[in-house]
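The values are calculated or read from the model by the stated rules, or taken from the named source; none is laboratory data. All values reported here derive from a predicted model rather than from experimental measurement. Counting neighbours? That spans all protein chains shown, and the Cβs are built from the backbone with ideal geometry, glycine included. Ligands, DNA and RNA are stripped out before the accessible areas are found, and what is left, the full protein with its side chains, is counted by its heavy atoms. Shrake-Rupley method; radii C 1.70, N 1.55, O 1.52, S 1.80 Å.
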Amino acid sequence: MRHVEIRNKFLDFFKAKNHTLVPSDSLVPAEDPSLLFTSAGMTQFKSEFMGNIKGFTCAVSCQKCMRTGDLENVGKTAYHHTFFEMLGNFSFGDYFKDEAITWAWEFLKDTLKIPEKRLWASVYDKDDEAYDIWRDKIGMPEEKIIRLGQKDNFWPSEAKAKGPNGPCGPCSEIFYDYGEGTGCGSEDCSPVCGCGRFVELWNLVFTQFERKESGILEPLPSKNIDTGMGLERLCAVMQEVRSNFETDIFSAIIKAIKDMMDSPAEKKNNSDIYTIADHIRAVTFAIADGVAPSNEERGYVIRNLIRKAMMRAKNLGIQKPSLYKLVYAVAKTMQDPYPEVMKEHQDIAAVIKTEEERFQKTLESGIPMTKSTISLFKERGIDELPGDIAFELYDTHGIPLEIIKETAAAQGTNVDEAGFNSLMQKQREASRRSSKMQGEIFTPGLIRVKTEFIGYDKSESFASVIEMMDRNGNFIKEANVDTGIVEIILDKSVFYGESGGQVGDKGKISNNDTEILIQRSGKVQDAIVLVGKIVKGDIKVGDKVKAEIDADYRMAIARNHTATHLLQKALRKVLGEHVKQQGSLVAADKLRFDFTHQKALTDDELARVEESVNKNIKASHNIKVEEMSLKDAKSSGALAFFGDKYEQRVRVVHAGTDSRELCGGTHLNNTAEIELFKVMHEGSVASGIRRVEACTADRARKWEKEYQKSQKDKERLLKKKKEEKLFEKERLKESEQAVDLIIENGRDIKGIKLIIKCMNNQNMGVLKYISDIIRNKLKQEYLLFFVSLQQGKTGILLSLSNGLIKKGFDAPMLLSKIIKPFKGRAGGRPNMAQGGIRELKGVEELLTTAEKILVKELE
């Protein structure tokens with residue numbers, strides 16, 4: 001049974017049990033800053049688990065997941081992955097343990113036809129309810145039901161004893177038994193044994209408690225079900241293989257890797273092959289979801305995976321960048337559930353190829369750097385490269401430990417691997433922490449109320465205050481002028497809460513003698529939070545108020561938002577459909593748009609983009625907004641931003657000739673209201689990601705005027721520089737013509753030509769130029785002393801021949817001796833020194849002093 005059929009059977013099974021099929025969320029969690037990547041099926045349902053039900057109480061999904069906490073085990077074991085798919089069914093206050101266990105058993109035994117004798121279960125040792133269901137309803141023999149403690153069968157693991165606070169509960173795991181001929185061979189072998197005979201298939205989590213301080217578990221009013229089953233493990237069971245890497249999910253990728261290898265012996269190196277196969281899947285899907293390689297957060301993880309895979313490829317004899325060639329195999333294998341990856345596979349491959357080439361250059365420069373670093377320590381008598389230095393070479397400069405060790409061995413030294421590994425372990429622990437939910441599982445005091453947004457076609461309305469908080473986030477019932485800043489939630493709001501890249505509205509709310517200036521509007525869960533300052537009166541929860549937005553401020557934001565849609569369409573038209581939004585800011589004074597593209601835009605491309613947007617503005621297209629299902633919206637070709645989370649019903653905004661985007665923001669009625677669009681800046685924000693900043697209407701006109709003025713200023717400056725350069729050229733020519741006279745007027749002292757000359761209004765460059773000409777013309781030893789007065793400053797140059805240096809003369813020492821009485825300062829090389837005197841009363845005194853000292857030195 002192929003992975004496509006297994007996946008569909010699971011989804012269809014629970015759809016038949018009245019579960020809503022929810023598409024996989026992005027690998028980038030839209031509403032969870034505590035996670036680098038989506039790491040479990042429940043991540044996108046955190047709001048529902050807290051009681052914010054949005055149209056369904058039961059859901060089923062096949063979720064793309066990424067975990068990097070066990071990166072060192074990938075390729076070594078049969079089951080560890082960075083990228084994997086998690087099958088899951090969920091209940092938000094609907095069914096509980098009985099149905100969860102019964103349906104899991106029904107799916108495995110009846111739908112997939114897995115023999116009963118192969119299935120075991122574990123339960124939390126204090127969960128008699130789950131134990132009884134397995135024994136009495138399912139009919140599983142008691143010896144196959146294993147009771148385990150909270151470390152193994154409680155979620156989060158050991159939450160009761162160690163936290164964090166928040167929803168938690170026991171779990172029941174289902175195991176597959178590969179049979180007595182596998183593993184340790186012991187008669188009492190069970191899922192507790194780590195010999196490999198048993199593999200965990202499915203984890204059923206029964207979220208029924210809320211952990212309070214001191215480990216107190218209080219029953220939740222609404223009990224939830226959260227299950228997870230790795231698709232790759234299930235495929236291994238169904239396809240009767242012992243390793244996930246032997247399933248049809250990986251077969252085409254592994255074949256493509258082996259086709260790139262020359263040595264038959266190396267084709268048996270499964271660890272390296274499996275690691276590459278895993279990492280290329282992770283990288284492909286991450287880039288498809290908008291994560292580009294970089295040195296920060298998610299991008300750093302992807303860059304690291306590419307580099308690790310490249311080093312594994314080198315172990316296999318693949319020396320040139322080749323990982324990008326594997327993207328097609330990944331896309332082809334996964335095209336049924338994820339057709340978007342196949343559609344974009346060439347663009348994904350281009351990003352990976354660029355990153356491979358960059359790392360290749362890093363290695364080319366990194367090996368000499370490593371050699372020189374090792375040599376420095378050897379010169380100090382240290383025969384082992386310290387672990388922290390090796391880690392810096394790895395972490396800062398991207399040089400793998402394998403390369404550092406090889407380079408060290410070639411120079412007859414070692415690397416402190418223990419020190420390196422200690423620092424690496426700390427980094428891994430930090431990675432594990434960042435890939436899990438931090439602290440409280442859900443924010444304490446989570447806002448549970450909802451605000452109805454009614455501001456698409458209104459600028460004011462009456463509403464009721466349903467929640468208030470002080471500036472510290474504490475819930476309060478009333479506030480007055482002395483309270484200062486307050487956060488207010490209304491039952492319905494014309495204020496748009498900051499989200500989707502668009503800033504929130506400003507304005508005021510009032511009633512009778514009360515007035516509150518709203519400085520910012522945000523969004524928390526389903527509530528719009530208004531942050532404002534009470535300037536008059538007081539306010540209480542339950543009060544009726546009038547809410548008014550700043551209409552001019554909203555209009556400016558709407559201009560920039562509609563213009564952003566036109567900009568994205570123009571970029572895709574000019575650069576290609578590989579352009580994908582990576583982030584945006586829609587403010588009142590400007591807009592910012594980040595997108596995927598491998599190189600800087602040319603002036604011609606920027607001009608064409610700007611022209612395309614302004615053409616749509618002049619065409620006066622009406623803005624059309626439609627509501628439809630998410631599925632229909634995507635089928636229509638409407639663009640969606642990977643960082644946003646969408647409901648099942650969405651708004652599609654049509655702007656200009658052919659711009660269609662999923663968008664919940666505020667927009668204009670007609671493109672002509674934008675008036676004018678100007679690109680202010682284009683640049684890079686990360687590898688493969690560009691940024692355009694632009695403005696509209698009055699701000700665009702002002703910017704254009706300032707830009708034209710700056711261009712004229714640049715032209716004037718350029719003209720001035722050209723004139724100065726020409727003048728400089730003339731002065732050099734004049735100086736060159738005067739060189740013979742300067743030499744002729746010099747003195748001969750014991751065969752040494754001494755030249756002392758005041759040359760006013762000449763810069764140091766001219767003095768050096770003349771010095772060079774004299775050096776080339778003279779066939780004898782020489783000593784030159786030049787002084788120039790220019791714009792109130794005194795510049796001095798002393799130059800001497802190499803023959804004098806051999807006799808012990810030093811230019812900086814001579815010059816310092818001359819200008820010391822004048823409080824001057826000097827510096828330079830043995831053959832040439834320059835200096836200056838801040839306040840020189842008379843140049844003749846300086847020339848006389850120089851002549852006395854230099855003549856005496858030469859005689």
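Data overview
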item	result
Whole-percent carbon and sulfur share, accessible surface of the chain, 1.4 Å	47 percent
Probe 1.4 Å, all protein chains present, accessible-area order of ARG572, ARG242, largest first	ARG242, ARG572
Degrees separating the helix 345-379 axis from the principal Cα axis of the chain, which is the longest one	60 degrees
Span from the segment 603-650 Cα centroid across to the segment 78-129 one, whole angstrom	42 Å
Which of MET1, MET66, MET764 is most accessible, then next, and so on - probe 1.4 Å	MET1, MET764, MET66
Stretchable slack from GLU218 to ASP136, in nm (0.36 nm times residue separation minus alpha-carbon distance)	26.8 nm
With DNA, RNA and ligands ignored, accessible area of GLU417 (1.4 Å probe; Å², nearest 10)	70 Å²
Degrees separating the helix 97-106 axis from the principal Cα axis of the chain, which is the longest one	90 degrees
Net charge of neighbours whose Cβ lies under 13 Å from the Cβ of GLU467, counting Lys and Arg as +1 and Asp and Glu as -1	-2
Length added when fully stretched, THR20-ASN802, from 0.36 nm per residue minus Cα-Cα	272.7 nm
Heavy atoms of HIS578 accessible to a 1.4 Å probe, total area in Å² rounded to 10	50 Å²
Shape box of segment 523-656 [Cα atoms, principal axes, largest first, Å]	57, 34, 30
Exposure ranking of LYS371, LYS64, LYS258 by accessible area [1.4 Å probe, largest first]	LYS371, LYS258, LYS64
The chain: relative contact order in percent, alpha carbon pairs under 8 Å with at least 6 residues between	7 percent
Helix axis angle, 3-15 relative to the chain longest principal axis, alpha carbon, degrees	60 degrees
Average accessible area per residue (Å²) across the chain - probe 1.4 Å, nucleic acids and ligands excluded	48 Å²
Value of [θ]222 nm, deg cm²/dmol, for the chain, DSSP H segments ≥ 4, -39500 (n - 2.57) each, nearest 500	-12000 deg cm²/dmol
When each of LYS678/LYS709; LYS76/LYS117; LYS458/LYS615; LYS793/LYS856; LYS721/LYS777; LYS46/LYS492 is checked by Cα-Cα distance, pairs over 22 Å	LYS76/LYS117; LYS458/LYS615; LYS793/LYS856; LYS721/LYS777; LYS46/LYS492
Answer label, with semi-axes √(5λ) of the Cα gyration tensor in Å calculated from the coordinates and candidates [x] 56, 37, 24; [y] 65, 41, 27; [z] 69, 34, 20	[y]
Kirkwood Rh in Å, taken over all unlike Cα pairs in segment 482-566	13.4 Å
Size-normalised alpha-carbon gyration radius of segment 747-859, reference 2.2 N^0.38 Å	0.98
Rounded accessible area of LYS405 (nearest 10 Å², 1.4 Å probe)	80 Å²
Rule-of-thumb Rg ratio for segment 602-682 [Cα; 2.2 N^0.38 Å; N residues]	1.23
Projected label distance in nm at LYS9 and THR77, using a 7 Å step from Cα toward the beta-carbon	2.5 nm
Residue-span extension gain [GLU392 to LYS721] - 0.36 nm each, minus C-alpha spacing	114.0 nm
